[in-house]
């Protein structure tokens, strides 16, 4: 176990230029679940959101909102070629004018307002998704605090930088890259991987000797160059940044299907299905469970019709229903046998203290094949949990919960739990409560609720 060692899990880190899309949702679900898995193994986890609030995309957002403001005021407006076209841009323009601004000629003020609005919206979407962050880090602060300049100087001092064609390059080929990379272009602008290097140096200096980044697979090419930059920058340090720092979990994107057809466009976002739309359509639990049900590096098709169905084909319904069924059995037991079985150690909400008292229940009467299979499956949970945390693979918990729920449903349909014989009744009830506790634990790690009635 980690013994309280610190680890940073950075995820979502969306540009504040539009609503969160379903791909961000997959990243949020994966990152939050990985954080929970690591916490279960004794790590002290910090969940961080890195705001890319500097660069061309932010200027394009400001210009897009400015154009919509001018449009509303009846002023001729030229929309930027790389602008943002969703209805949300018009909404921000309206809010800007409603806030008492008479025009949108101050581009810096318009941009600040737009970024603040979108950050607030993203925060509300993540709150609706049940995802919290411990800290936020602004890309702009790297420039303001001189961290980008310090990182570049460290790279120059390492002897791994060189000038060519008026640009500053880094010898990333010495660290496994397929070609050397430009750090500073001939016009003086830094390429995007330079602030990434500065940011990860900041992580290291903040004491996070282990860091995990959850990112889309389109960031694959940045992995080698960021690691190369970190190794070069720390080459002369007493405590060098190791070769594999940071860890990366790269995920594929999500295709959303409804009625057998792919959903591509959200009128509000302009070009994609938003996370909020998906949550509103099927609920938080289904979105989180579904988005965690495949390996991160596998393409995922999100079937809205399946996510809304109340059948055993719907995996989240199937697992939650197993939990609710056991709660129902417990209520039946209280009604029928609560007075008779006063010695049975159970409360409505099991915790570590009173769950241990179930150890005193004699499980000897459990001899059926389904009962033994359930006991064996329960015994696997600790190892599954440890492996899922070590491999940063929350889908393993989803697979396990589906198997456990399936075996419980088979048992429930085949056997009567609350039989007349007290020893067998107590043993079967204890088995059910153990299944319920593991289902509750696993669903909680995934950020999915555990309903007692369905």
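Observations on the model:
- Taken together, the criteria place residue 19 among residues that are crowded, with 20+ Cβ neighbours inside 10 Å and more than 13 Å from the chain's Cα centre (by Cα).
- The condition of being part of a helix (DSSP H, G or I), at pLDDT 95 or above, out of contact with any helix residue (DSSP H, G or I) (no Cβ under 9 Å at 6 or more places or on another chain) and under 19 Å from residue 291 (Cα atoms) holds for only one of 25, 35, that being 35.
- Here residue 186 clears all of (1) touching a strand residue (DSSP E or B) at 6+ places or on another chain (Cβ under 7 Å); (2) loosely packed, with under 13 Cβ neighbours inside 10 Å; (3) assigned to a helix (DSSP H, G or I) except the condition numbered (3).
- Strands (runs of 3 or more DSSP E) fully within the range 81-176 counting 1 or more residues that are touching a residue at least 12 places away in the same chain (Cβ under 8 Å), under 27 Å from the mean Cα position of the chain (by Cα) and exposed (fewer than 13 other Cβ atoms within 10 Å of the Cβ): 135-138
- Condition check for residue 419: part of a loop (DSSP other than H, G, I, E, B) and either at positive phi or without any contact (Cβ under 8 Å) to a residue 60 or more places away in the chain (or both): yes
- Counted residues, the range 213-240 - those being outside any helix (DSSP H, G or I), touching a strand residue (DSSP E or B) at 6+ places or on another chain (Cβ under 9 Å) and either buried (at least 22 other Cβ atoms within 10 Å of the Cβ) or free of Cβ contacts under 8 Å to residues at least 40 places away in the same chain (or both): 2
- Qualifying residues in the range 339-388 (those that are in a helix (DSSP H, G or I) and modelled with pLDDT under 70) - the one farthest from residue 434 (Cα to Cα): 353
- Candidates are the residues of the range 189-212 that are in a strand (DSSP E or B) and out of contact with any helix residue (DSSP H, G or I) (no Cβ under 6 Å at 6 or more places or on another chain); the one that is modelled with the highest pLDDT is 212.
- Applying the criterion of being closer than 18 Å to residue 181 by Cβ and modelled with pLDDT under 95 to the residues of the range 226-266, the residue that is nearest to the chain's Cα centre (by Cα) is 243.
The values are calculated or read from the model by the stated rules, or taken from the named source; none is laboratory data. What you are looking at is a predicted structure, and each value in this text was computed from that prediction instead of being measured. As a convention, Cβ positions derive from the backbone with ideal geometry for all residues, glycine included, and neighbour counts pool all protein chains shown.
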